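The structure appears right after this line, and notes come after that.
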Amino acid sequence: MDTHHPAAPAPCAGLRIGDTPPDFEARSTLGPVKLSSFRGRWLVLFSHPADFTPVCTTEFVALSKEAQAFKKRDCALMALSVDSLFSHFAWLRLIKERFGVEVRFPIVEDPTLVVGRAFGMVAPGDNDSAAVRTTFFIDPAGVIRAMNCYPASVGRSIPEMLRTLDALQAIDAQHGLAPANWQTGDALLQSPTHDLDEVYGAANETDWFLRQLPEGKRT
C-alpha cells in the first residue's frame, strides 16, 4: 500500500489477530520506512494521537528508556501519527532537551490518514487520530499476533507491552499457552486434549484441560 495511492480503502478496525497487514512506505524521522522491511524480526507498530500532548510525551520518554529491552527481544518499534515530519522533529528535540532522552525509533507521518485508516487506527470519517492509541504486535512472518486500543486519555503500560511480547515469543518457542498474569520464567499451560479417553482417564476433573507444560517440553 502506498501512503499516497492506496490500493484499496480498508474499513476501520478491519484488521484482526492473524491478519497480515497491508504494506506501506512512508516518510519517518529516520528516513523512508517500509513495513515489509521489518520481516524477519518482531515489530510493535503503534499510533499516538498527536505530538506535543502530555500523555504521548510520557509514552515516548518511557519507550525510549526501554528501547534496549525491545532490542534485546529482537523487536523494533515504529510509531505513527497525523502530524508532519517537521512536527515530529520539533517534538523529539523538545523531549531531548527537557528529559535528556533521544527517541531513536522511527515516527511515521500520516497527514492524510491513509495508513491510520487502513490499519483501523482511526474511524473512516475522522479528520484526526485523537480518539485512539492502537498497538499492533507483528511477528517475524508479518502476521498480527496481538493488538490493543486505549483512549487518548490513558497511556500504555510499557511493562505490559514487554510482557505481551515475551508471552508471544515464549508460546512460539515452547508451543504452550500463557496463563493470566504470566511472567517470564513462569510455566506455560498445555493445550486441552481432544481425546475422550484422556478426558475420562484424567486424575481429576480439570487435568484434561488445565495443566502445566511438562518440564521436558520447556525450552
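Bear in mind that the values in this text are calculations on the coordinates, not laboratory data. Given the structure is predicted, the values throughout are model-derived calculations rather than measurements. Every residue, glycine among them, receives a Cβ derived from its backbone with ideal geometry; neighbour counts consider all protein chains shown.
Some points to look at:
- Rounded to the nearest 20, the Cβ-based charge dipole of the chain about its Cα centre (Lys and Arg +1, Asp and Glu -1) stands at 720 debye.
- Added length on full extension, which subtracts the Cα-Cα distance from 0.36 nm per residue, T58 to R104: 15.0 nm
- Toward the positive end of the charge dipole of the chain, with +1 on the Cβ of Lys and Arg and -1 on the Cβ of Asp and Glu, the farthest Cα among Q68, L162, V114 is that of Q68.
- Here the ratio of the Cα radius of gyration of the stretch 157-219 to 2.2 N^0.38 Å is 1.27.
- Nearest-20 debye value, the stretch 25-154 charge dipole, Cβ charges on Lys, Arg, Asp, Glu: 500
- Counting charges near T20 (Lys, Arg +1; Asp, Glu -1) among other residues having Cβ under 14 Å from its Cβ returns a value of 0.
- Cα-centred dipole magnitude for the stretch 157-219, charges only on beta-carbon of K, R (+1) and D, E (-1), debye, nearest 20: 240
- Helical mean residue ellipticity (222 nm; -39500 (n - 2.57) per DSSP H run of 4+; nearest 500) of the chain: -8000 deg cm²/dmol
- Taking the DSSP bridge list for the stretch 25-154 and keeping only pairs wholly inside it, about 60 percent are antiparallel.
- Computed over the chain, the range of Cα coordinates on each principal axis works out to 65, 41, 32 Å, biggest value leading.
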